[in-house]
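Accompanying notes for the structure given below.
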Amino acid sequence: MLSVSTYLRIISRNYQRRYFTVFKDTIKQIHLDRNNILTIREGTFSNLTKLSALFLGQNRLTNLSPNLFMDLSALLHIYLNSNQLTRIPNELLEPLHHLKILDLSSNSIVEVSPKLFDIASRTVTIKLANNRLQSIPRPVRNATLMGLDIRNNEISDATNITYFINVTDNLLLDGNPFSCDCSFNDVREWIQRDETSRDACTWTCIHPVTMETVLAKDLAPEDTMCPETTTNPTDDVMNTEVKPSKGNNVIEQAEKMQWEEIPSVSHNINITHYAFVSMLNGWAVPLVIVVVFVFLFVLLFFTLILAICLCQTNQRIEKLTEAIIQSRKTPTPIKKAISRMKDYSSPRRSSDNKH
């Protein structure tokens, strides 16, 4: 019989499930790292109720079955670092109520679900460094972490980082292209709050205007101060409730209210826009009538020009035929033929022939 601290290292990717079944009641650790494993079948680790550490790092895993850790309620440490994972199924970590370390670093994870932090307890550390995260979500439920490592990702908006500042003992953020804007204000205050951490901190952010990298500890408060939100005074006036008082009714009070002229650029633009649209609607019918008349006038003009050109062409043809007939060089048959054609084409002569 093996001892309760059974340690099993598999050094071949051709491992068999029966290896785990034999030691299911005693095995505590399984090392499958550095084996070039492409996939792990669902149920591979079933009934390993004593397993506390699982090492799957430095393989070639691209995805994980949602039920892969279904029976591993005693699991404390999971190492999935240095694989090719792009996402983590939401159901993967639900059975793991005692987890202390989840290492997902050095993968290709683009985003994580807020449910990832539902398993979080005061003693858990989540490592997501060296991935492709563009944001970090706020947990659905309140969660506290021992540590969160999101170094060397692609996070630019630090809005949700504020939450983890307050609930995480060890927060690592450097290596992200944070923007030195309003979302980074709480992070700046947190860094500059303690002199010891401020002097040693090398966290940076990118200035939104100059695009230069700036040390967070050197930022001035006004560099990341959120602009004050201003309300439109028209909203206050419009929402004013007019209450009747002695001697004055509601109408009298409304007449006595002083309406201030609000110099709002956007308001003036909207008024100009609506006035312009209304003006176009009033001119629509006359504008169409004018366009139709202009079109008809142009059409009539070109028709007259065409008729004049045709008349001039007809006169030139008559002069040419007359010259051919009177010419001595023209053969007689041709003269007769032209004379006949001319007689047929002449309206007067054709009518005389009928009579």
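Let's see how each residue does on (1) over 22 Å from Leu116 (Cα atoms); (2) surrounded by fewer than 18 Cβ atoms within 10 Å (Cβ to Cβ); (3) not assigned by TED's automatic domain parsing to the domain that holds Pro114:
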| site | (1), (2), (3) |
| --- | --- |
| Lys28 | yes, no, no |
| Leu32 | yes, no, no |
| Leu48 | yes, no, no |
| Tyr79 | no, no, no |
| Asn90 | no, yes, no |
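Exactly one residue among Asp199, Asp174 is modelled with pLDDT of 85 or more and not hydrophobic (A, V, I, L, M, F, W, C), and that residue is Asp174.
Does Ser106 count as within 17 Å of Ala129 (Cα to Cα) and part of a loop (DSSP other than H, G, I, E, B)? The answer is yes for Ser106.
Residue count for the range 114-166 under the criterion of being closer than 19 Å to Ile101 by Cβ and among the acidic types (Asp, Glu): the result is 2. Looking at Asp103, is it closer than 25 Å to Phe178 by Cα, touching a Phe, Trp or Tyr at 6+ places or on another chain (Cβ under 8 Å) and either touching a residue at least 12 places away in the same chain (Cβ under 8 Å) or not aromatic (Phe, Trp, Tyr) (or both)? In short, yes.
Taken over the range 133-173, the criterion of being under 22 Å from Asn81 (Cα atoms), loosely packed, with under 15 Cβ neighbours inside 10 Å and free of Cβ contacts under 8 Å to residues at least 24 places away in the same chain is satisfied by Glu154 alone. Within the set of pairs 6+ apart or on separate chains, which have a first residue in the range 65-94 that is more than 18 Å from Lys24 (Cβ to Cβ), a second that is surrounded by fewer than 21 Cβ atoms within 10 Å (Cβ to Cβ) and aromatic (Phe, Trp, Tyr), and C-beta atoms under 6 Å apart? Sorted first by the residue in the range 65-94, then by its partner, the pairs are Tyr79/Phe55.
The values are calculated or read from the model by the stated rules, or taken from the named source; none is laboratory data. Quick caveat, the model's predicted, so the values are computed rather than measured. Here the Cβ is made from the backbone with ideal geometry for all residues, glycine too, and neighbour counts use every protein chain on show.
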